[in-house]
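Quick notes on the structure that follows.
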Amino acid sequence: MRRFLRVVAVGGVGLLLLGAGFYTWASATSSRSLARSIDSHAWEVPVPYPLEAGEVEARGLTSGEAEAEALAQALERGRHLVEARYACGECHGSDFGGGVMVDAFPIGQLLGPNLTSGRGGVTASYTTADWDRIIRHGILPGGRPAVMPSEDFLLMSDQELSDIIAYIRSLPPVDNEVPPIRLGPLGKLLVASGEFVFSADLIDAHDAPHAELPPPAEVSVAFGRHLSGVCTGCHAMDLAGGKIAGGDPGWVAAANLTPHADGLRDWSYEDFLRAMLESRRPDGSEIREPMSFVAPFAQNMTEVEMEAIWTYLRSIEARPTGR
Ligand code: HEC
Ligand code: HEC
């Protein structure tokens, strides 16, 4: 009995030391991973995006008028982009004054910074290359990899990036100091073990040129593929779904969106619309978080956008559900 107790005591202390050692390893490894500096190109875009020469000429606009008209059009496009397609406000707040990506103890506190020009806003000294770096590469101005899911924005064209910058710059300043990201013990472990992959590491070409314009807004596979870029952060690059890497551990796995038997093979376009707009499956059951966060954005999409996404989803390879 005594011997047994000793074994238990020694074992307990050993486990404790092992745990402490493991935690030290996870802390050091995750800090190192976050402190890396990643190189990317310096990609500048004009803001606002200029009108086409043909339009300026045809309408006989002076250069001042052309500039004002370009800004008005950019703001209108930018508003639609953030309200319907690129859900920045989901994590940066609907007024862009700061919001929440994940705030759950063992994972950590990953807050979306204040992007306005108010007190606590972080974009005042941003160049357009800095905007490109964080949004399309997942890299902060100093080079550190960001926890933001930038792979969602990989297909964003220069004009869309420019429109979003113009729109955010036009917003009223919000005074709000947002604390920097803080990883909890589980967050550190996920980063250290490679379970949480930074967008900057998922995106392999940080010097590849970006498309200048989005594909034409029409019901086509090309436009649908472009719009589906924002689904990949959760549904995976091949849209076959599975566990959401880097998400809240309480979230359910993402569904398979390919035309596989596990996926949307038997769905009609009406089924798809109902899922996107009302968060209901064909059998009437409710679609859960975090997909239900998508509905308010999908409700702002045009019919052409919705039909284009569906056309693209029908065209991709059927695959079994991912990991
Ligand atoms: C899923 C949540 C999420 C979405 C969606 C999102 N962001 Fe972020 N964003 C974050 C988080 C979290 C950070 C802080 C990253 C860090 O410090 O590692 C961040 C950082 C940033 C920064 C850098 C701020 C700084 O510290 O310099 C900018 C700029 C930014 N986001 C812009 C955008 C824009 C524009 C969009 C939409 C196209 C967007 N974000 C969509 C979560 C998100
Ligand atoms: C923030 C993560 C996230 C994003 C972004 C996201 N989804 Fe989802 N989606 C999910 C999850 C998780 C489920 C599964 C929900 C459930 O099982 O209740 C899901 C379910 C679905 C379903 C229902 C499928 C089924 O079999 O029940 C459809 C359709 C869908 N998503 C389409 C899309 C499209 C299209 C986009 C991009 C425009 C998108 N999702 C973006 C996480 C996301």
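Remark on MET101: its backbone amide H falls under 5 Å from those of LEU110, LEU111, GLY112, a criterion applied only to residues 5 or more positions apart or on other chains, H modelled at 1.01 Å from N.
How long are the three semi-axes of the equivalent ellipsoid for the chain, computed from the Cα gyration tensor as the root of 5 times each eigenvalue, in whole Å, largest first? Write out the running numbers ahead of the final one.
Working: eigenvalues 315, 146, 57 Å².
The answer is 40, 27, 17 Å, longest axis first.
Solvent-accessible area per residue in the chain equals 52 Å², computed with a 1.4 angstrom probe and all protein chains kept. Put simply, segment 221-315 fits an ellipsoid with semi-axes of 19, 15, 14 Å; these come from the alpha carbon gyration tensor as the roots of five times its eigenvalues, largest first. Here each label is just a point 7 Å from Cα along the line to Cβ, and for ASP103 and GLU218 those points are 4.6 nm apart. Using a cutoff of 8 angstrom between alpha carbon atoms and counting only pairs six or more residues apart, the relative contact order for the chain works out to 18 percent. Each of ASP262, ASP152 has its accessible area taken with a 1.4 Å probe; listed largest first, they run ASP262, ASP152.
Please state, as a whole number in µm²/s, the translational diffusion coefficient that the Stokes-Einstein equation yields for segment 157-291 at 25 °C and 0.890 mPa s, with Rh defined as the Kirkwood radius across alpha carbon pairs. Roughly 134 µm²/s, to the nearest whole number.
The calculated FRET efficiency for the pair SER94 and LEU17, based on their C-beta separation and a Förster distance of 56 Å, comes to about 0.70.
Where the alpha-carbon atoms of segment 53-202 are placed on the principal axes, they occupy 62, 32, 28 Å, in descending order. Taking the empirical scaling 2.2 N^0.38 Å for compact globular proteins as reference, segment 18-83 has a Cα radius of gyration ratio of 2.23. Residue-wise HN-Hα couplings along segment 44-60, as the Karplus relation 6.51 cos²θ - 1.76 cosθ + 1.60 with θ = phi - 60° gives them from phi, are 8, 10, x, 10, x, 5, x, 5, 6, 3, x, 5, 4, 5, 4, 8, x Hz; Gly and Pro carry x. Taking the chain as a Gaussian network, Cα atoms linked when under 10 Å apart, which of LEU61, LEU239, LEU161 shows the biggest mean-square fluctuation? Per the Cα network of the chain with a 10 Å cutoff, LEU61 tops the list. Per residue of the chain, the DSSP helices (runs of n ≥ 4 H) give a summed -39500 (n - 2.57) that works out to -12500 deg cm²/dmol at 222 nm.
Given a 1.4 Å probe and every protein chain left where it sits, what share in percent of the accessible area of the chain is carbon and sulfur?
Details: 9820 of 16840 Å².
Roughly 58 percent, rounded to a whole number.
Applying the Karplus relation 6.51 cos²θ - 1.76 cosθ + 1.60 with θ = phi - 60° to segment 98-107 yields 3J(HN,Hα) values of x, x, 10, 9, 9, 9, 9, 2, x, 6 Hz, where x marks Gly and Pro. Normalising the average separation of contacting C-alpha pairs (under 8 angstrom, six or more residues apart) by the number of residues puts the relative contact order of segment 146-237 at 57 percent. In this structure, the amide hydrogen of ARG280, modeled 1.01 Å from its nitrogen in the peptide plane, lies closer than 5 angstrom to those of ALA275, ILE287, counting only residues at least 5 positions away or on a different chain. Charged neighbours of GLY229, selected by a Cβ distance under 15 Å, balance to -3 (K, R count +1; D, E count -1).
The values are calculated or read from the model by the stated rules, or taken from the named source; none is laboratory data. Values in this document were obtained by computation on a predicted structure and should not be read as measured data. As a convention, Cβ positions derive from the backbone with ideal geometry for all residues, glycine included, and neighbour counts pool all protein chains shown. With ligands, DNA and RNA removed, areas are computed over all heavy atoms of the protein, side chains included. Shrake-Rupley method; radii C 1.70, N 1.55, O 1.52, S 1.80 Å.
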